[in-house]
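Remarks on the structure that follows.
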Amino acid sequence: MSRLKSYFPIFFLIFLVIIYACKSTNTTVTPSSASVTALTCGSATFSATPVNGTAFTGTASVPYTGGNGASYSAGSAIPSTGVSGLTATLSASSLVFGSGNLVYAITGTPTSVGTATFPISFGGQSCSIALTVTTASTGGSTTGGAGLGIVTDIAKIVSLAEAFKATLTASQITALQLVYSKTDAAKWSNLPQALSRNRVGLATSTLSATQLTAFKALLKATTGTPDNEGNAEILAILAADDYLGANGGGSDYGSGNYYIAFLGTPSTTGLWEFQFGGHHGTNSNTYNGGKLSGATPAFRSTEPFPTYTYGGVLYQPLVQEITNFSAMLKALTTTEQTTARVSTSQNDIVLGPGKDGVFPTTKAGVKVGNLTATQKATVIAAIKTYTDDLDDVSAAGILAKYTAELDNTYISYAGSTDLTTKGDYVLIDGPSVWIEFNMQAGIIIRNANHPHSVWRDRTGDYGGN
Amino acid sequence: MATQFLQILNQRTMNFNKIFKIFSFLLPLWGLGGFYLFAHPMPNSIVLLNIHQDKIEGKIQLPLGELQSAIGLGVNDNTTNLVNRLGGTIKAYLLQHIHPISFDHKPWSVNIGDMNVVETANKVTGDYKELIVAFSMQPPQYADLRNFYFKYDVIVHQVVTHKILLSIKQDWQQGIVREDSATQNVGVIELDIPTGKIKPFQISLQAGGNWQGFKNMVSLGIGHIRGGTDHILFILTLLLPAMLLVEGKKWTKFIGTKNTLLNILKIITAFTIGHSLTLLLGSVQWINLPRKPIEVLIAITILVSAFHAFRPIYPKKETLIAGAFGLIHGLAFAETLTNLQLSTKQMALSILGFNVGIELMQLLIILLVFPILMQLHKTRYYPQIRQIGAIMMMLLALAWMIERIQDKPNFITELIA
């Protein structure tokens, strides 16, 4: 008796659960079981093609005939054979009377290239779905793409790079000198270092005065000489970050948070990139075969904007840019402006960091080839405020290329032609050139807007790698 | 917003650390992994989904600055009474831009619920205001709840640089139920730049099932006991005098191994019945008490049991008292379950699983601790050990009581934390 007593709690628990479970029973209509007369896996269609090693979510639609109108519930996951790593799961639905499609959700990460096969069985029929898994694009190699192939003073740049390297300690060199990889090349950002923490290379904050002088000589040799462009512009962007650090931004900001990396050993023949970047500025100069194979992605921004004084010097790095963009838009006729103005809104640039190789397939706005010579000159002047950032020899070469492609280049904008209001946006989109400029609210300096802009090249980003 | 998430996560992690410090010897390592967070550099929208048996509920966090760029109406410039003034308009707008559809293109039904405005401070994006919208969506008959296209283009249809971070907050079948497990990211809805279109986002949730859900509730139950220092200490307090006889208001002789074990069995089952009952009643929300008084009551139960371990105050009534105290502790467990909003079947399985987990953990504690107590009992110092243990427990219970009344930790609770 006392033994029974000690079991009582267990009975009681079970009883409680049963009571609870019975409290409200869902009434479900039980349909007749689903059946089809044929399944045609050979005619299956897929929503997308999986890529080896990349997480995939898609569907496979398998045609059936002779459906009996019954509903069916979700299936269990069928693992793929051949190429493994994927599963196909029948999605619950109801059959039509006659012909229709069964839809399977395909998810997972394929582990090789080839055909993933899923043996399926439904409504009395079975067959095997065959899904092709493609190879991932390699994106870069040690030999590298030709890219732009622009002539530059490679001997001078390499010798200054080596001279800078010679001033560094062994551990600094370890941080600076990396092997070339597209992955590292793509690790630039327009976020302050505290939020990015993804940059590779050597922080400028670690440099001694001598080392900094050697670095600045290299920077100068790779950047242009015009006023407020090139070398002056990048130094102004660095000063802007110091200004932010001193005016409320704190130690997350400042030129010391800019990183220098050599991706590949500097050479007058091989592939290497001189990468320099931080919060509001990124230079990605790729060299290959003694030529400049890529000058982009180049990110340009500044806060404060438009002008500021730091260390007794007045800076205005992006004023020429906004002036020339605005002049370009204002040179359009009212009708042309209507064509150029997009209806969507832009609160940032479109092809920011991480958005590599995803240029739009169609171009919007006004085709520069339809404009007058005077109007065309304003477009070139706007482009020049970016190409002039490169050393003068390369700058001339790149501008010549973009000028040659000018007629097939399009310009568009959002917001106002002054480009000073938050959300204002302008885009120059050519066969090669891609320059976008967008006005945003201030972050540290709250009472003023600040611009973000990026220069990319459809074929020359990362030197074509 | 990200900082908010991180703060919450940090608090949870602190709790975990505390538990690890004290009881890491009790258990094999417990996986904390499986969750990660999106960095949140721009004011993106966030959509959090709770997957239920027959519908999906969720919360949408819309940055008002971005919403204003999309629909105007000064929704960011003037947030005073925003929901009262423009709630209807915003609701109609949302319904135009949220279209879940089944794989065979049958539309789901969508309901927009409560909205409220929250202001968020963010170092990168500056301070900004966001609108939190509750919504729910339900598939048509026979359509699959766990596989569908989420056609969602709120804000991004107009603001092409906008991004929507999509996360699963709760999915019982997959075992995503823990309050502290943050969220599971499923992806980002954004403009497909090459085509200039926003593609329908396919949501295909991993098939889990009842067994998976049950197993997870067992581990939630285990985690719950392990997570509650107070529950563990309460059980230890019950064990301290379990092998002793009461004579003249004092703990005296050993009552024998068999009687001791029987004693423990009775006490623990009574406790289990107690907390199962209130867990059940609480889970179906027949009773619903605020958290604070329950937590204080739990501290009181520890205080009383500790005093009883020091000097018997309810001899021969241990079983009854343990049952009564179980009722109180169950109310605290119930809160974990009610927040999940489960279906009847899921709830039944959950209560069972949660109880099994709690029992397993209690048994484990008893198995680990009781042999030690039995050994200690054989030494002549056991009366002192028991008394000192009881006094320490009383002090701790008092400290917890004060902490829970004042809503702030004191030096004793921080010592154990």
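Any read-out appearing in this document is the output of simple, stated calculations on the displayed coordinates, not a laboratory observation. All values reported here derive from a predicted model rather than from experimental measurement. No Cβ is skipped: glycine too gets one built from the backbone with ideal geometry, and neighbour counts run over all protein chains shown.
Structure summary
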item: Ratio of the Cα radius of gyration of the stretch A:66-113 to 2.2 N^0.38 Å, where N counts its residues; result: 1.40
item: Residues in the stretch B:311-327 reached by a label modelled at B:Gln387 [backbone nitrogen below 15 Å; 7 Å Cα→Cβ]; result: B:311-312
item: Bins of 10 Å, starting at 0 and running to the largest distance - Cα pair percent for the stretch A:162-309; result: 11, 43, 37, 8, 0
item: HN-Hα J in Hz across the stretch A:265-277 - Karplus 6.51, -1.76, 1.60, θ = phi - 60°, x for Gly and Pro; result: 6, x, 7, 7, 10, x, 8, 7, 10, 9, 9, 9, x
item: Net lengthening on full extension, A:Val319/A:Ala163 (0.36 nm per residue, minus Cα-Cα); result: 52.8 nm
item: Low-density loop cleavage sites - trypsin sites (Lys or Arg not before Pro) in the stretch A:146-192, where at most 10 other Cβ are within 10 Å (DSSP); result: none
item: Point-to-point label distance, B:Arg85-B:Leu367, nm (Cα→Cβ direction, 7 Å offset); result: 6.4 nm
item: At 1.306 mPa s and 10 °C, Stokes diffusion of chain A via Kirkwood alpha-carbon radius, µm² per second; result: 61 µm²/s
item: Peptides ranked, highest mean first, by Cβ atoms within 10 Å: ranges B:345-352, A:190-197; result: B:345-352, A:190-197
item: Label-point separation in nm, A:Thr65 to A:Ser43, each point 7 Å along Cα→Cβ; result: 0.7 nm
item: Cα gyration tensor of the stretch B:49-134 - equivalent ellipsoid semi-axes, whole Å, descending; result: 26, 15, 12
item: Kirkwood hydrodynamic radius (C-alpha pairs) into Stokes-Einstein, the stretch B:275-380, 20 °C and 1.002 mPa s, D in µm²/s; result: 138 µm²/s
item: Förster-model FRET efficiency, 56 Å R0, B:Ser109 and A:Arg197, C-beta, rounded to 0.05; result: 0.80
item: Test item: A:339-350 mean partner chain Cβ contacts at 10 Å; result: 4
item: Using alpha-carbon coordinates, inclination of helix A:319-330 to the longest axis of chain A, degrees; result: 70 degrees
item: Residues whose placed amide H lies under 5 Å from that of B:Gln202, excluding near-sequence neighbours; result: B:Phe150
item: Amide H contacts under 5 Å for A:Ser345, placed H, 5+ residues apart; result: B:Val159, B:Val160
item: Alpha-carbon gyration tensor eigenvalues x 5, square-rooted, for the protein assembly as shown, Å; result: 61, 36, 26
item: Over the stretch A:76-229: Rg over Rh, Cα atoms, Kirkwood Rh; result: 1.27
item: All Cα pairs of the stretch B:218-287, percent lying beyond 21 Å; result: 41 percent
item: Residue-by-residue Karplus 3J(HN,Hα) for the stretch A:122-134, coefficients 6.51, -1.76, 1.60, Hz, glycine and proline x; result: 8, x, x, 10, 8, 6, 10, 7, 10, 10, 7, 10, 8
item: Computed [θ] at 222 nm, helices only, for the protein assembly as shown once each DSSP H run of length n ≥ 4 contributes -39500 (n - 2.57); result: -12500 deg cm²/dmol
item: ³J(HN,Hα), Karplus 6.51/-1.76/1.60, whole Hz, each residue of the stretch A:387-402, x for Gly, Pro; result: 5, 5, 6, 7, 3, 4, 5, 5, 4, 4, x, 5, 4, 4, 4, 5
item: Using distinct alpha-carbon pairs, which all enter the 1/r mean, Kirkwood radius of the stretch A:178-262 in Å; result: 13.9 Å
item: Amide H partners (placed H, <5 Å) of A:Gln125, local residues excluded; result: A:Val36
item: For q = 0.17, 0.26, 0.27, 0.29 Å⁻¹, Debye-computed log10 I/I(0) when each Cα of the stretch A:390-461 counts as one equal scatterer; result: -0.73, -1.08, -1.12, -1.20
item: Distance between modelled label sites at A:Thr338 and A:Thr210, nm, 7 Å Cα→Cβ extension; result: 6.8 nm
item: Nearest-0.05 FRET efficiency for A:Ala246 and A:Asp153, computed from C-beta distance (R0 60 Å); result: 0.95
